[in-house]
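See structure below.
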Amino acid sequence: MPVATTPSLATLSPAIPSLAAFPRWQPVRGGDRTLVAQLEDELAGRIAGHALRPGSRLPSVRRMAESACVSRFTVLEAYDRLVARGLVEPRHGSGYFVRARAGVPPIADAVPAPPAAPAIPPAARLDVAWLLRGMFSDRPAEIPAAAGLLPAGWLDGALVNATIRAVARNAGDAMLDYGHPRGHAPLRTQLASRLQAQGIAAHADRNLMTIAGVTQGLDLILRLLVQPGDTVMVEDPGWFLLFGRLAAYGTRIVGVPRGPDGPDLAALERLAAACRPKLFLINSAVHNPTGHTLGAAAAHDLLRLAERHDFLIVEDDTYADFHPGQPIRLAALDRLQRVILVGGYAKTLAAGLRVGVLAARPELIDRLTELKLLAGLTCPSLGEQVVHRLLHEGHYARHLARLRQRVDQARHHCIDALVQCGLTIAHPPHAGMFVWADCHRDSETVTRLAADHDILLAPGALFSPTQAPSTMLRFTVSMVEHPKLWSTLRSILGETESAGFPQPPVGS
């Protein structure tokens, strides 16, 4: 009696001679990789090695399944993955064929490897674009002392990933729709409860909308309320990205000096009377870059000035969750009449979720929601549902308590290390992930020298709307884990002192 044999991959399609040289594919069962992934890798490797040439037809789904003793669903999913990668194309009624690819040079030739640290123009001043390229480089600096995020190891990736899986298991068809224009309703209810507990009178339906991070919220506010030529007041020092965004809108940017308790109110009143600003943008709680928080008296006087000179206040709440207690918020004192509050979870939870909240009076929420729809429809539902689950089940509160403790400890160590290196912190911050330190020499010069050692620093000039020369540097507190920074910084400061580099004016 003849013995039945299983056809090999080489004999499945006699019309494709490129398959003939290959033995039958045998999956590894019970391993770490799924059968789908194994088949995908096998065929992708043969395509890359030109064993399967452009135009060649793959075995049919049925024959491939019989050959490998796997299900047709396994083969179909592997083929679909190859289609998604652009390696294979389906032809109706004919099967799957290896896609003919355009002549693309190898990656190493097409895209030169970027330097470990962003290249610094030899003569031009450092700018915001340079710092952003360094922070978001494919090959970041070895020591990212200018980082705007805490290290992944300080955040709880396992918690976030587990919550994503839990949401996906129970999502049903919810991910197939756009979602509500103002955001996931249960999340808005949860956010309203949190804000109300902090003294901010926010109603889930009338005063709130979700945003794809604070940057989108600020962008929507500026699009709605600011025209080219309008004056907008900002803090000096303040968030560098905001200055570039305002300049792109053609606004007149006026800096208001920021002190430990808040903005210089006398200067703010003079500027408001002279310039008639539309907006004042302030980081009231745990200010970036100084880490200071607005005092109660300053907050009260600031709101009186806003009413007297008829300007709105945009309160950036990005870092408020790092505050150990309940900080003073203008939105709470004002009851969302002249104040628009924006906040998010990028710094404390996961930047990739891109989930934030915007709170304002109802008519502004209506107009901002319309603008949000015109600009990009709704926010992704997955991230909103993940954040809602983390808030609702209490996971975020527990995570935040652990994170805040670690950040506080690191900040104390970072301040000690900077002082030992010869820097000065005139008003040490009591909260937050940044330290604003004076190096007593041109901080751009220090930044250039640090880049030679694969260290990315943030010079003080970038945090001023005028970008005037500065002796200040902003450090992220997670740098306590990089001993090389401190020895290199001491060496650079000694080098610049002995070289006699000019120093900017005191207080710049």
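The values are calculated or read from the model by the stated rules, or taken from the named source; none is laboratory data. Note that the structure is a prediction, hence the values are computed from the model and not measured. Positions of Cβ are generated from backbone atoms using ideal geometry, with glycine treated the same way; all protein chains shown enter the neighbour counts.
The table below lists the values:
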quantity	calculated
Among the candidates 51, 10, 78, residue that is in a helix (DSSP H, G or I), surrounded by 11 or more Cβ atoms within 10 Å (Cβ to Cβ), of a type in the set (A, V, I, L, M, F, W, C) and modelled with pLDDT of 70 or more	78
From 442, 454, residue being buried (at least 19 other Cβ atoms within 10 Å of the Cβ), of a type in the set (Asp, Glu) and at pLDDT 85 or above	442
Count of residues meeting criterion [under 14 Å from residue 379 (Cβ atoms), not small (Gly, Ala, Ser) and not in a loop (DSSP other than H, G, I, E, B)] in the stretch 332-356	2
Number of the exception - residue 335 against (1) touching a Leu at 6+ places or on another chain (Cβ under 6 Å); (2) within 17 Å of residue 208 (Cα to Cα)	(1)
Given (1) in a helix (DSSP H, G or I); (2) at pLDDT below 90, number of the condition residue 378 does not satisfy	(1)
Number of the condition not met by residue 411 [criteria: (1) in contact with a strand residue (DSSP E or B) (Cβ under 7 Å, 6 or more places away or on another chain); (2) of a type outside the set (A, V, I, L, M, F, W, C); (3) modelled with pLDDT of 90 or more; (4) more than 23 Å from residue 325 (Cα to Cα)]	(4)
Test: residue in the stretch 419-431 that is crowded, with 16+ Cβ neighbours inside 10 Å, modelled with pLDDT of 90 or more and touching a strand residue (DSSP E or B) at 6+ places or on another chain (Cβ under 6 Å)	yes
In the stretch 57-75, the residues that are surrounded by fewer than 20 Cβ atoms within 10 Å (Cβ to Cβ) and small (Gly, Ala, Ser)	60, 65, 71
Test: residue in the stretch 314-334 that is at pLDDT 95 or above and of a type in the set (Val, Ile, Thr)	yes
Test result for residue 466, under 16 Å from residue 145 (Cα atoms), surrounded by fewer than 22 Cβ atoms within 10 Å (Cβ to Cβ) and either at pLDDT below 90 or not assigned by TED's automatic domain parsing to the domain that holds residue 282 (or both)	no
Selection count, the stretch 144-161, where residues are surrounded by 14 or more Cβ atoms within 10 Å (Cβ to Cβ) and part of a helix (DSSP H, G or I)	3
Members of the stretch 411-430 that are among the hydrophobic types (A, V, I, L, M, F, W, C) and either in contact with a Ser or Thr (Cβ under 6 Å, 6 or more places away or on another chain) or free of Cβ contacts under 8 Å to residues at least 24 places away in the same chain (or both)	415, 419, 425, 426
Close pairs from the stretch 390-406: first within 13 Å of residue 321 (Cβ to Cβ), partner assigned to a helix (DSSP H, G or I) and among the polar types (S, T, N, Q), Cβ under 6 Å, at least 6 apart	390/163; 391/190
Filter pass, residue 340 being among the β-branched types (Val, Ile, Thr) and in contact (Cβ under 8 Å) with a residue 40 or more places away in the chain	yes
Meets criteria (assigned to a loop (DSSP other than H, G, I, E, B) and free of Cβ contacts under 8 Å to residues at least 60 places away in the same chain) for residue 62	no
Residue list for the stretch 144-191, restricted to those being among the aliphatic types (A, V, I, L, M) and modelled with pLDDT under 80	145, 146, 171, 174, 175, 176
Any hit, the stretch 425-447, residues being under 24 Å from the mean Cα position of the chain (by Cα) and hydroxyl-bearing (Ser, Thr, Tyr)	yes
Residue ranges of helices (runs of 4 or more DSSP H) in the stretch 208-324 with at least 2 members under 17 Å from residue 357 (Cα atoms) and either touching a strand residue (DSSP E or B) at 6+ places or on another chain (Cβ under 9 Å) or touching a residue at least 12 places away in the same chain (Cβ under 8 Å) (or both)	214-225
Subset of the stretch 455-489 [of a type in the set (S, T, N, Q) and under 17 Å from residue 419 (Cα atoms)]	471, 476, 478, 487, 488
Residue 246 vs. criteria among the aliphatic types (A, V, I, L, M) and within 25 Å of residue 391 (Cα to Cα)	no
Identity of the residue in the stretch 383-405, within 17 Å of residue 192 (Cβ to Cβ) and surrounded by fewer than 17 Cβ atoms within 10 Å (Cβ to Cβ), that ends up farthest from the chain's Cα centre (by Cα)	392
Only one of 368, 358, 377, 364 that is under 18 Å from the mean Cα position of the chain (by Cα) and assigned by TED's automatic domain parsing to the domain that holds residue 198	358
Verdict on residue 277 being surrounded by fewer than 20 Cβ atoms within 10 Å (Cβ to Cβ) and farther than 25 Å from residue 473 by Cα	no
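Quick grid of which residues meet (1) surrounded by 15 or more Cβ atoms within 10 Å (Cβ to Cβ); (2) aliphatic (A, V, I, L, M):
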site: 142; (1), (2): no, no
site: 188; (1), (2): yes, no
site: 241; (1), (2): yes, yes
site: 246; (1), (2): yes, yes
